[in-house]
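Worksheet: one structure, shown below.
The values are calculated or read from the model by the stated rules, or taken from the named source; none is laboratory data. These numbers come from a predicted model, not from an experiment. Backbone-built Cβ (ideal geometry, glycine too); neighbour counts: all protein chains shown.
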Amino acid sequence: MTVSRREFIQWSAAATALAATGLDLSAAPAKPSAKPSPKKILILGGTGFLGPATIEIAQARGHQVTMFNRGKTRPDLFPGVEKLHGDRDPKKGEGLKALETGTWDAVIDNSGYYPRMVGASAALVAPRAKQYLYISSISAYKEPNPENGTEDAPLATMADPSQETMGKTYENYGALKALCEQAAEKAMPGRTTVIRPGYIVGPDDPTGRFTYWPVRFDKGGELAVPGAPSDPVSIIDVRDLAAWLVHLVEQGTVGAFNACGPAKRLPWGELVAAFGKAGNPNAKPVWIPADFLAKQEGIEFPIWAPFVGETKGFHTWRNDRAVKAGLTFRPALETVKDTLAWYKTQEKVEKGRTRLAGPNAEAEAKLIAAWREASKPKG
């Protein structure tokens with residue numbers, strides 16, 4: 001079995017490139033009652049998953065948003081928002097030319113994957129922007145991850161920092177993210193906010209990772225569930241993350257933060273129960289132990305990771321610093337219900353947004369049969 005950490009990295013790197021329509025963020029959390037002073041926010045990207053959620057909330061809070069991207073993905077989103085077009089790579093086409101003028105209170109960079117490009121954009125806007133928020137990843141940490149790790153854990157490194165390739169199995173993704181953090185801080189020292197999310201989930205998610213589970217439970221019948229109910233799992237609703245990013249801009253908060261939820265450690269069994277409550281009551285989970293899964297080939301389950309060995313710390317990152325800085329979380333059941341409801345609106349209108357990341361029905365049935373055979377009493 002291939003561990004889902006690789007799958008997490010691959011989808012994190014690719015998510016912003018997927019196109020879709022039908023965004024619905026109507027279930028966003030309640031906004032703080034205090035009216036903030038209006039901010040001018042530049043978002044580098046803004047059309048993938050986290051970007052649209054952030055723009056929705058920033059506008060609802062009375063802020064002025066500008067988007068910078070290539071203009072190729074979901075170009076019809078936010079018709080009233082100022083849109084600047086170019087390329088993150090200053091060597092391609094018009095590059096960053098559109099950013100040579102303008103002033104902003106904050107820049108939110110959720111589309112930076114290579115340090116040369118992040119450094120170029122941060123350096124260009126540094127004289128005209130007060131704050132730079134870089135969306136990194138928990139993959140920026142050195143492996144294996146410590147259990148209950150904090151923001152002070154060692155970061156990933158790479159032998160040749162000048163490489164601009166993720167690698168065949170995205171092995172460079174984490175180190176490149178760490179280098180991007182450093183590039184942003186170098187360009188805007190003391191004015192950089194680094195956000196390291198884990199699994200970002202919820203409505204409008206193009207990856208099909210988390211979405212696989214409520215959709216699969218909604219189909220009913222026997223279904224394979226990996227690991228044990230006590231295994232930890234860490235998720236953050238995109239709407240909670242987006243609301244917090246806007247809050248950080250309003251407060252001018254800088255520093256590095258693990259954007260992992262929920263507030264307290266979430267047992268995998270509780271999340272599985274939420275899938276069941278939101279889905280078909282006839283769904284019958286069949287738990288497949290991690291040690292048995294480790295011996296299987298060609299089957300992967302999204303979100304969950306074995307709570308043993310090199311992945312034991314993967315879902316255990318501490319978020320104390322982020323919570324102290326205002327990060328809040330909605331109940332997991334709300335995220336599950338909203339994700340399933342959103343998916344059903346997409347099934348006939350946007351095939352690119354309905355991709356699911358888990359095993360197909362045949363592979364799942366074979367796995368359950370193999371586990372039952374292996375579990376039979378011997379002799």
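Mind checking which pairs have a first residue in the stretch 161-176 that is under 18 Å from residue 138 (Cβ atoms) and crowded, with 17+ Cβ neighbours inside 10 Å and a second that is β-branched (Val, Ile, Thr) and at pLDDT 90 or above, Cβ under 6 Å, 6 or more apart or different chains?
Close Cβ pairs (under 6 Å, with a partner that is β-branched (Val, Ile, Thr) and at pLDDT 90 or above) amount to 175/157.
Just the residues that are among the charged types (D, E, K, R) and within 21 Å of the chain's Cα centre (by Cα), please, taken from the stretch 91-138. First the steps, then the outcome.
Of the residues in the stretch 91-138, the ones among the charged types (D, E, K, R) are 91-92, 94, 97, 100, 105, 109, 116, 128, 130.
Scanning the stretch 91-138 gives a single hit, 109.
If you take the residues in the stretch 86-104 that are touching a Ser or Thr at 6+ places or on another chain (Cβ under 9 Å) and more than 22 Å from residue 165 (Cβ to Cβ), which one is surrounded by the fewest Cβ atoms within 10 Å (Cβ to Cβ)?
First pass over the stretch 86-104, keeping only residues touching a Ser or Thr at 6+ places or on another chain (Cβ under 9 Å): 88, 90, 96, 99, 102, 104.
The next check asks that each one be more than 22 Å from residue 165 (Cβ to Cβ); those that pass are 99, 102, 104.
Working: 99: 22, 102: 15, 104: 22.
This residue is 102.
Quick check on the stretch 329-345: of everything there that is out of contact with any Gly (no Cβ under 6 Å at 6 or more places or on another chain), surrounded by 15 or more Cβ atoms within 10 Å (Cβ to Cβ) and not acidic (Asp, Glu), which residue is nearest to residue 232 (Cα to Cα)?
The selected residue is 332.
Give me a count of the residues in the stretch 69-125 that are assigned to a loop (DSSP other than H, G, I, E, B), under 24 Å from residue 174 (Cα atoms), touching a residue at least 60 places away in the same chain (Cβ under 8 Å) and not small (Gly, Ala, Ser).
3
Against the conditions (1) of a type outside the set (Val, Ile, Thr); (2) in contact with a strand residue (DSSP E or B) (Cβ under 9 Å, 6 or more places away or on another chain); (3) over 30 Å from residue 251 (Cβ atoms), where does residue 317 fall short? Just the number, please.
The one condition residue 317 does not meet is (3).
Please enumerate the residues belonging to the stretch 199-233 that are among the charged types (D, E, K, R), assigned to a helix (DSSP H, G or I) and closer than 14 Å to residue 282 by Cα.
Initial filter on the stretch 199-233 (among the charged types (D, E, K, R)): 204-205, 209, 216, 218-219, 222, 231.
Then drop every residue that is not assigned to a helix (DSSP H, G or I), which leaves 209, 216, 218-219.
Passing the criteria: 216, 218, 219.
For the stretch 126-143, enumerate the residues that are part of a strand (DSSP E or B) and of a type in the set (S, T, N, Q). If you could, list the steps in order and put the result at the bottom.
Filtering the stretch 126-143 down to residues part of a strand (DSSP E or B) leaves 129-135, 141.
Passing the criteria: only 131.
Which residue out of 365, 357, 332 is among the small types (Gly, Ala, Ser) and over 22 Å from residue 205 (Cα atoms)?
365
Out of the residues in the stretch 31-61 that are part of a loop (DSSP other than H, G, I, E, B) and among the charged types (D, E, K, R), which is modelled with the lowest pLDDT? Show your work before the answer.
Residues of the stretch 31-61 that are part of a loop (DSSP other than H, G, I, E, B), as a first pass: 31-39, 45-49, 61.
If we keep only those that are among the charged types (D, E, K, R) too, we end up with 31, 35, 39, 61.
On the way: 31: 44, 35: 75, 39: 98, 61: 96.
Residue satisfying both the conditions and the ranking: 31.
Which of the residues that make up the stretch 239-261 are β-branched (Val, Ile, Thr) and either surrounded by fewer than 24 Cβ atoms within 10 Å (Cβ to Cβ) or touching a Ser or Thr at 6+ places or on another chain (Cβ under 8 Å) (or both)?
Here is the first cut: in the stretch 239-261, the residues β-branched (Val, Ile, Thr) are 246, 249, 253-254.
246, 253, 254, listed by residue number.
With respect to residue 278, determine if the residue is more than 30 Å from residue 249 (Cβ to Cβ), modelled with pLDDT under 95 and either crowded, with 19+ Cβ neighbours inside 10 Å or small (Gly, Ala, Ser) (or both). Spell out the reasoning first.
Values: more than 30 Å from residue 249 (Cβ to Cβ): yes; modelled with pLDDT under 95: no; either crowded, with 19+ Cβ neighbours inside 10 Å or small (Gly, Ala, Ser) (or both): yes.
The answer is no for residue 278.
Is there a residue in the stretch 178-188 that is of a type outside the set (D, E, K, R), under 20 Å from the mean Cα position of the chain (by Cα) and part of a loop (DSSP other than H, G, I, E, B)?
No, the stretch 178-188 contains no residue that is of a type outside the set (D, E, K, R), under 20 Å from the mean Cα position of the chain (by Cα) and part of a loop (DSSP other than H, G, I, E, B).
Return yes when residue 355 is surrounded by 13 or more Cβ atoms within 10 Å (Cβ to Cβ), touching a residue at least 60 places away in the same chain (Cβ under 8 Å), in a loop (DSSP other than H, G, I, E, B) and charged (D, E, K, R) and no when it is not. Explain how you work it out, then say what you get.
On the way: surrounded by 13 or more Cβ atoms within 10 Å (Cβ to Cβ): yes; touching a residue at least 60 places away in the same chain (Cβ under 8 Å): yes; in a loop (DSSP other than H, G, I, E, B): yes; charged (D, E, K, R): yes.
Here the answer is yes, as residue 355 does meet what is asked.
Go through (1) loosely packed, with under 15 Cβ neighbours inside 10 Å; (2) at pLDDT below 95; (3) over 21 Å from the mean Cα position of the chain (by Cα); (4) at negative phi one by one and return the number of the condition residue 369 breaks.
The failed condition is (2).
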